[in-house]
1. Could you tell me whether any residue of region 34-48 is within 11 Å of the ligand (Cβ to nearest atom), over 21 Å from residue 122 (Cβ atoms), in a loop (DSSP other than H, G, I, E, B) and touching a residue at least 12 places away in the same chain (Cβ under 8 Å)?
2. I'm trying to understand the selection: among the residues of region 49-76, which are in a loop (DSSP other than H, G, I, E, B) and either farther than 16 Å from residue 116 by Cβ or open to solvent by 60 Å² or more (accessible area, probe 1.4 Å) (or both)?
3. Restricting attention to region 93-132, report how many residues are under 22 Å from residue 67 (Cβ atoms) and aromatic (Phe, Trp, Tyr).
4. Starting from region 96-113, keep only residues that are crowded, with 21+ Cβ neighbours inside 10 Å, then list their pairs with residues that are among the acidic types (Asp, Glu) whose Cβ atoms are within a distance under 7 Å, requiring at least 6 positions of separation or different chains.
5. Please work out which residue is farthest from residue 57 (Cα to Cα), limiting yourself to region 77-123 and to residues that are of a type in the set (Phe, Trp, Tyr) and not in a strand (DSSP E or B).
6. Could you list, in sequence order, the residues of region 85-117 that are farther than 10 Å from residue 9 by Cβ, of a type outside the set (Gly, Ala, Ser) and within 11 Å of the chain's Cα centre (by Cα)?
7. Collect the residues in region 49-60 that are in contact (Cβ under 8 Å) with a residue 24 or more places away in the chain and either over 23 Å from residue 136 (Cα atoms) or away from the ligand (no atom under 11 Å from the Cβ) (or both), keeping them in residue-number order.
Amino acid sequence: MIDGINTTIHDCHIIQLRTVLRPEGKLTIIQNEKFDLKRVYYIYDVPEEAERGYHAHKTLYQLVIAISGSFSVRLKDGVREWNVRLRDPKKGLLIRPGLWREMSNFSVGAVCLVLASELYSEEDYIRSYDSFLSYKKCIQ
Ligand code: T46
């Protein structure tokens with residue numbers, strides 16, 4: 001497991017999920033070897049203009065999947081940023097700890113599925129960008 005203080009956007013990537021294609025439909029398998037799964041949740045009915053996230057997690061690993069529709073994720077490590085549009089239910093975005101995330105531009109009917117490595121804990125959140133920069137040692 002990586003220490004959240006030292007992670008960068010380069011520690012995050014898109015994972016191609018194994019998918020069985022049949023004439024009668026597709027079946028995608030999430031067999032996650034990057035972390036042990038403790039929690040699953042999904043976000044939906046998001047108004048088009050809404051923005052979510054705007055926080056970082058100190059220890060949480062997540063796999064984020066647009067199982068329906070699409071939305072944008074911006075990841076920041078205090079120095080660089082990476083913008084990615086999730087629109088393919090066969091692909092998951094692995095987010096390691098210690099990264100600021102912002103989610104926006106949800107399409108109508110978008111569903112964001114999140115697999116998480118820990119149970120919910122508000123203590124794991126960093127909800128102010130200045131506190132995030134201090135945590136990452138970008139500012140004193
Ligand atoms: C993230 C993006 C992708 C709970 O009580 N239990 C839970 O398991 C969760 C996830 C949330 N909550 C409560 C806490 C807040 O009062 O629901 C409210 C909204 O949660 P949050 O601020 O985490 O929501 P988002 O949509 O801004 O962010 C969520 C994830 O929590 C976050 O980790 O990376 O989706």
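1. Among the residues of region 34-48, at least one is within 11 Å of the ligand (Cβ to nearest atom), over 21 Å from residue 122 (Cβ atoms), in a loop (DSSP other than H, G, I, E, B) and touching a residue at least 12 places away in the same chain (Cβ under 8 Å), which makes the answer yes.
2. 49, 50, 51, 58, 59, 69, 70
3. Summing the residues that are under 22 Å from residue 67 (Cβ atoms) and aromatic (Phe, Trp, Tyr) in region 93-132 gives 2.
4. 96/11; 99/77; 106/48
5. 106
6. Within region 85-117, 86, 93, 94, 97, 101, 102, 103, 112, 113, 114, 115 qualify.
7. Correct list: 50, 51, 58, 59.
The values are calculated or read from the model by the stated rules, or taken from the named source; none is laboratory data. Please read all numbers here as calculations on a predicted model, not as lab measurements. For neighbour counting, all protein chains shown are included, and Cβ atoms are generated from backbone atoms with ideal geometry for every residue, glycine included. Please note that ligands, DNA and RNA were not included when accessible areas were found on the heavy atoms of the full protein model with its side chains. Shrake-Rupley method; radii C 1.70, N 1.55, O 1.52, S 1.80 Å.
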